[in-house]
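Everything below concerns the one structure shown next.
The values are calculated or read from the model by the stated rules, or taken from the named source; none is laboratory data. Here the structure is a predicted model, which means the values were calculated and not measured. Here the Cβ is made from the backbone with ideal geometry for all residues, glycine too, and neighbour counts use every protein chain on show.
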Amino acid sequence: MVINKNKFFYLVIFCLLFVEKTEAIFAINVFNPWDINLRPPIWCDTSFQITGYDEFGLKARGYNPDNDKVNVMQLWQPTQDALAMIQSLPATNPLRNILQNIQDDGVRGHFTVTGKFDLNASAGISARYHLPYNITISAHLPFYAMKLKNVLFQDLTLDDDSTENLLVRENLTDNFLQVMEELDPSLDLTGWKRTGVGDFAVFAAWQGSYCQAKPILKNVDLTTRLGVTLPSGLRTNEDQILSIPFGYNGSAGLWFGAGITLNWFDYIRGGLDFEFLHLFGNSRFQRIKIQRDQTDLLFLTKVYAHTDYGFTQQYNLYFEGYRFFHGLSAGMIYQFWRHGEDKLALFTNLYSDDIANTAEKLQEWTMHQVIFKLNYDFECDLDACSKLKPNIFVFYKLPFNGTRAILVNTVGVAITLNF
Amino acid sequence: MILNVVLLALLLIPHMATANTESNRDDQNVQSPETQEPEQKGLYTVGVSLFTSFAAYTGAAVPGSKEYSIVQHFLTPQGDRVGGITPPRVFVNYIPDQPNPLYDKKILHLNYGANKLAAVAADMPNVICLFDNMLSTSHQSIITTPCLNDALGNEAQEIVCLETAITGTSDSSLHVYTIAAVAAHEGFFGDEQSGFSLIKHHSIKKEELTKDTITIGKSSAKIELNLDTLDAVNGIEFGNKAIPIGVHEISSAININNGLESIAPNVVDMCWHPNIERLYIALHIRTKSDATSQQGGRALLVARIHNDRLLLDPIASDELCYGNDKIFGAVGPNQEVSLHKIQPFITSTGIRYLLVLGGHGAPEETKQSLYALPLAHRGYDKNRDEVMQDQLHGTLAARSAIPHVIYGRDKTLTAHLLTTPATSINDLYSSSDAVICIGNNTQLPNDITDIYTTGDAVFVGVAQPGNGQQPGIFHSQAILDGLGRITAWTCWQRFGIEVGVAKFSINPTRYNTSFLYSDFPLLNLTQWKKPLKRKKNEQIPPPDDLLEGLIETVFPQENGGLQGLADFSYTTPGLNSPENPVSLLIAMGQKKIALIQTSAKNKNGMINNHRNMFLNTIATKETLNRNQAAENPKTLVFSDDILGTLGSITCATIGTDGIQSWLFVGGARGVAVLCNTTGNGWSTEHGVISLFENNIEAMTFKKCGNFRFIQKLICDNNNLYVITNKTVERIPLSPTSIMKPELTSQTIVKTSTEMLFDGSVSGPLVILASSNGLLHNPPGTDIRSENKTLSTTQFKLIKLPGSSGCVYKLFFVTRTRHEHDFAFGSQLFASTGSLSENKTDIFRLYVDNAFEHGIHEETVQVLNDHIYKNKPTPFLSFNNFRSNFVTDGSHYFSSRSQQAAEKPFFNLIPQEIIKKVFVSDHLCYQMPLQGHKAKNIVKIVQNSATGNWIAAGDFGIRTNE
């Protein structure tokens, strides 16, 4: 198959038009279509591969800054502080006038927020073309469908008759959604449902295979790759609570990765792979923290700000039985993500950069998960002249730890066709 | 808690040994002298004593104390390190291993200045021994003067008083002098030949010394000190001659037109005013029996040092002394002026005063009269030499003098100076002027024994009981007017101690008081009581029967602890029954209040301050009615349905119409009053004690009006004022209106958009702390008689420079210590800022006497506390939010409740930080709270009975005892 160069060029230009807005890269453990674990083996005498995959969320949970499992709405703070939100209002606001010096005893004006996050689908399609000299170029486009529902705000303010608690309950927490509607009509605290494409990516990879004349170690595969992601995905909706971008939220990224795979006895493989992502910073209107006690779901202030992203690292350590029964392989992958702290620079002197940068969602996050996979490669079973040469890959993701991340147990399948 | 440091036990410690008594601190109560071991008595007696801010020195009253002739007590936060500092052999005049002239001697005088201790031993009463190297045990060095001579050059009989003077020079170097009041040869101080010797401290570099001179320890190897006994009249080196006091000169600094008969023998006090660089001398004088109305004497002199000469000047010219209402002098026949002590004083605004104990009258009549006299500083527009030679510099300032604000080259505030001296008799304050009367003309128990000043506060020690009061330490605070001058003083308030006090000092950082008993050589130290150490969730009864235990029992933390605390002294209208004056502490919690007697009159007519035995004397209405209450209950706990409807009870006040008195309490959901079925409270004549003694079945709390979110209740002028978060209501006090307040209450102030956080009413004036700023009622209005509702838009907004707007807390310092008297002229501290900005600024304001002057544009004035020229700054600026701020003029307390994850804190801001305006947490002393349990600090109040400061919150209370 020949790629239409003109169409590819226009596609790139189209995607670049969206490079204007960014927020933090969101910590959720869905596959990127270019993930090394979705990469199919290269068949002999084929030059083109198409891979489609889909994964379904089973159970989503949040991991807070202390690495504890929590509801997804509590991944940044255990409670949301509405009193601190009131402190962020302009001094002329009547509600701030009433509540401005009421101190936060740890529960006064606080809400425990819960919600149900559904990952309905995380799908994608990749096309790879193998060039001479073991070079592969590929294009990837993911699709996502997610939903946040049943968002509940449970008031923790003590039900006593102290002046402070009474004022807070009467003016703020008893009719919280109504108060929020008056304070910020654009902010939707009830949940959302989103479906759309993610960031389009283009990669170039080199993969070398070196036979080893040794009794145990039979082969060493080396790989390295370079790619760019283009911001075609849905971005964060600043007016929705815990809105998740489908991709890098309007920012272009530059990927670099490399790995080594060792083959023992021809049927056991293990290896290490890493990928680094540099996201280009950019500027947009976004909700920011302007009071030091504010919690991340209740930011009311929108300003134009520049974001410099932290460095993102992904590591894979894997081990598998390779084609131990016909084309069947089974393996296990430990995957670790780490994203450094993001930095905001505000285009205003009204608020403090220092305070804005203390928002939890800008802080470092990590994800740990184990992926169990079964792979059947029909190369062994089909005739070499067969036009359709499929590869089926099923997996189960078991996240087990993280920081400031939504981790979803997922199952999925990927099918690759080789031409 | 009071710590006893028993000196005598420590006398057994070897030479210069020190002992740390910290381990004894935690669980001690007052240990009376009688309970001391018998052998501790008599082994050592304290004669003279001297307190500095960091150490105390005591001199032996009789010979035989060996190396403990002088004992040094270091008053450190870690404990009191004490030791004798007079070993048998020391360096004397830089010659090693010489017999110590102070060893085993009785000590007559001690003086500390320029980091040197001076002493006079009884067997060499005209020789000064100066400790040059006091801290080194192995190289202690003493420098002695020759025998000091009197004004005729003969050997003086004795030294009567010592003082150290440090003078600056135009080239910025310092000269140190010791000044000794010396008695005449074979005579007394006060005789014609007696006078003042001047000893100059010469620092000599080592290389200038001869080979025979042996230097002492490493630290002083380069500099040696030489004492030059000057001819004080002519400034001749080693002339050793005193300047005569001039008692019989026709007209001298002391004598007015030859009207002076005599000076009381050997009675003199001296003080060097470092900010004026003048020496002040206080005497007892008597005028001649035939003195005319223009003849008399001055008992207060001012002296200056110029070219190594001591020059005596009159404190005010002769003409200013006419009339016998002056403190410092008198004219006419057989008049006495008795000045006992003098002390320098400088206000926080930088204005110089001289504190004078005594006045016109016989010695025994004047020992409770303490005055603050303003001094003229002539340094506004003159160079230093001119100022130092100016005879009017350091004399009494005119009462109308306007302070000049002096900024340094870096445009920072240097001082406020009263530059205008008194030149006419109308320029001087008389002894009846409230401006100079420390203690606001209220009575102390007995004679003042010691004076200590810090900040704007004056503390005095009293050794003997009297006037129905126990002795102790008492406190008065200066009230400054809009220009920073003292305009009044608060009445005397007991300051923690309730025993006879001879000498004392207050730790400038931690607020602990170190004091010497008046009748026993024992040094005590008060400190902040530490929290009880309990394991988590451990439920054990409070270990003591003090106020802490009571509060913890009645208001457990699981029920919210204390939500409010209010103190009412026995002078409060409604409690000031002549028969049964009672001080009350009203503790408030969820649906419950407790009336705690903190003082009451005993059978002997003495005010008895209650410090313990609270737990066993709790009564409730039910136990009283069933006669099951303890005998003489001190605490009355109310908890009924009406109180339950008020929510958390946060404020209380006591009101009276002169016949009946009522207790009002308020919370988030309303106000209630304690009354019987006819609306009567307790009889004002018999006092609140009747509630504790009688069957109070008929007394119940009754809901009063229909108010919400009560910020403050205040009674004044037969009215109850209810300040809510949006209105100010006025309810006349009478049984009728108590029964039907809805008929008589009137909304006198209503806010437009702002919220009210605090406020107060006094006479015609209402001051409100609102989200828009600090407000008071419009000029020309009188809140007592206002019949229509005023809107806050009509109010006068007081501009607080640099403030963000919101004022959320007010703290009044009034003359009577009753908040409802603030319109008589008071100090107001307004807290501004907000949690959102996470900062608090404190502004200091003066409230003019609205009773005399009515409400006008300048009724409330902001003090000029700017430390930078043309850059307005508040009095204090905190780098985070403080919910409470109070002061007694010497120290400043602030607190904050828990804020999100930050624990609550309660800290003490030392006086020296105040001068820097910007207060950082790490510079403050953090008071101990109840560890991890504390969440809220609702109030900081001073217990008017004991004088202890109390921090109250959900954890109970913490006190300084």
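A few comments on the model shown:
- Scanning the range A:122-157 for residues that are of a type in the set (S, T, N, Q), away from every other protein chain (no Cβ under 14 Å) and on the phi < 0 side of the Ramachandran plot returns A:SER122, A:SER126, A:THR136, A:SER138, A:GLN154.
- Inside the range B:456-482, residues that are on the phi > 0 side of the Ramachandran plot and surrounded by 23 or more Cβ atoms within 10 Å (Cβ to Cβ) make up a count of 1.
Okay, residues lined up against (1) within 21 Å of B:PHE757 (Cβ to Cβ); (2) free of Cβ contacts under 8 Å to residues at least 40 places away in the same chain; (3) within 14 Å of chain B (Cβ to nearest Cβ):
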site	(1), (2), (3)
A:ASP159	no, yes, yes
A:VAL168	yes, no, yes
A:THR173	yes, no, no
A:GLU181	no, yes, no
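- Taken over the range B:812-839, the criterion of being acidic (Asp, Glu), within 24 Å of B:GLU754 (Cβ to Cβ) and surrounded by fewer than 19 Cβ atoms within 10 Å (Cβ to Cβ) is satisfied by B:GLU837 alone.
- Only one of the numbered conditions (1) surrounded by fewer than 18 Cβ atoms within 10 Å (Cβ to Cβ); (2) of a type in the set (A, V, I, L, M); (3) in contact with a helix residue (DSSP H, G or I) (Cβ under 9 Å, 6 or more places away or on another chain) is violated by B:ILE714, and that is (1).
- Residue list for the range B:861-900, filter: within 13 Å of another protein chain (Cβ to nearest Cβ), in contact with a helix residue (DSSP H, G or I) (Cβ under 8 Å, 6 or more places away or on another chain) and crowded, with 22+ Cβ neighbours inside 10 Å: none
- Count of residues meeting criterion [within 7 Å of chain B (Cβ to nearest Cβ) and buried (at least 21 other Cβ atoms within 10 Å of the Cβ)] in the range A:104-118: 2
- Qualifying residues in the range B:819-842 (those that are modelled with pLDDT under 95 and in a loop (DSSP other than H, G, I, E, B)) - the one farthest from the other protein chains (Cβ to nearest Cβ): B:GLU837
- Looking only at residues in the range B:753-766 that are within 14 Å of B:VAL847 (Cα to Cα) and part of a strand (DSSP E or B), the one that is nearest to the other protein chains (Cβ to nearest Cβ) is B:GLY759.
- Scan the range B:385-412 for residues that are of a type in the set (Ser, Thr, Tyr) and either in contact with a Phe, Trp or Tyr (Cβ under 7 Å, 6 or more places away or on another chain) or modelled with pLDDT under 90 (or both) and the total you get is 2.
- The range B:565-577: number of residues that are surrounded by 22 or more Cβ atoms within 10 Å (Cβ to Cβ) and outside any loop (DSSP other than H, G, I, E, B): 2
- Scan of the range B:811-826 for residues that are within 19 Å of B:ASN884 (Cβ to Cβ) and touching an Asp or Glu at 6+ places or on another chain (Cβ under 8 Å), ordered by number: B:PHE812, B:THR814
- Residue count, the range B:578-622 (criterion: assigned to a strand (DSSP E or B), away from chain A (no Cβ under 14 Å), crowded, with 23+ Cβ neighbours inside 10 Å and of a type outside the set (A, V, I, L, M)): 4
- Matching residues in the range A:260-288 - criterion: being under 22 Å from the mean Cα position of the chain (by Cα), buried (at least 18 other Cβ atoms within 10 Å of the Cβ) and modelled with pLDDT of 90 or more: A:ASP273, A:GLU275, A:LEU277, A:LEU279, A:GLN286, A:ARG287, A:ILE288
- Scanning the range B:265-281 for residues that are within 15 Å of B:PHE196 (Cβ to Cβ) and either touching a Ser or Thr at 6+ places or on another chain (Cβ under 6 Å) or basic (Lys, Arg) (or both) turns up just one, B:ARG278.
- The number of residues in the range B:482-533 that are of a type in the set (A, V, I, L, M, F, W, C) and at pLDDT below 70 comes to 6.
- Filter pass, B:LYS750 being within 14 Å of chain A (Cβ to nearest Cβ), basic (Lys, Arg) and either on the phi < 0 side of the Ramachandran plot or in contact (Cβ under 8 Å) with a residue 60 or more places away in the chain (or both): no
- Candidates B:SER737, B:SER770, filtered to the one that is of a type outside the set (Phe, Trp, Tyr) and under 24 Å from B:SER804 (Cα atoms): B:SER770
- Residue ID - nearest to the other protein chains (Cβ to nearest Cβ), chosen from residues in the range A:291-311 that are of a type in the set (Ser, Thr, Tyr) and buried (at least 19 other Cβ atoms within 10 Å of the Cβ): A:THR295
- Single unsatisfied condition, B:ASN680 versus (1) within 30 Å of A:ASP160 (Cα to Cα); (2) without any contact (Cβ under 8 Å) to a residue 60 or more places away in the chain: (1)
- For the range B:935-951, the candidate set comprises residues that are part of a loop (DSSP other than H, G, I, E, B) and within 14 Å of another protein chain (Cβ to nearest Cβ); within that set, the residue that is farthest from the chain's Cα centre (by Cα) is B:LYS935.
- Residue within the range B:756-766 that is of a type in the set (Phe, Trp, Tyr) and surrounded by 24 or more Cβ atoms within 10 Å (Cβ to Cβ) present: no
- Whichever residue in the range B:787-818 is farther than 27 Å from B:LYS939 by Cα and among the hydrophobic types (A, V, I, L, M, F, W, C) and, among such residues, is nearest to the other protein chains (Cβ to nearest Cβ): B:PHE795
- Every residue from the range B:767-811 that is assigned to a strand (DSSP E or B), surrounded by 22 or more Cβ atoms within 10 Å (Cβ to Cβ) and of a type in the set (A, V, I, L, M, F, W, C): B:ILE767, B:LEU768, B:ALA769, B:LEU774, B:LEU775, B:VAL807, B:LEU810
- Looking at A:PHE336, A:PHE400, A:PHE372, A:PHE395, just one residue is buried (at least 20 other Cβ atoms within 10 Å of the Cβ), touching a strand residue (DSSP E or B) at 6+ places or on another chain (Cβ under 6 Å) and either among the hydrophobic types (A, V, I, L, M, F, W, C) or not in a loop (DSSP other than H, G, I, E, B) (or both), and that residue is A:PHE395.
- Top-ranked residue of the range B:337-360 - restricted to ones that are assigned to a strand (DSSP E or B) and at positive phi, ranked as surrounded by the fewest Cβ atoms within 10 Å (Cβ to Cβ): B:GLY359
- Residues of the range B:640-693 that turn out to be within 14 Å of chain A (Cβ to nearest Cβ), in a loop (DSSP other than H, G, I, E, B) and in contact with a helix residue (DSSP H, G or I) (Cβ under 8 Å, 6 or more places away or on another chain), as a count: 3
- Filtered by the rule that a residue be more than 24 Å from A:LEU242 (Cβ to Cβ) and either more than 7 Å from every other protein chain (Cβ to nearest Cβ) or outside any loop (DSSP other than H, G, I, E, B) (or both), the range A:75-94 gives A:PRO90, A:THR92, A:ASN93, A:PRO94.
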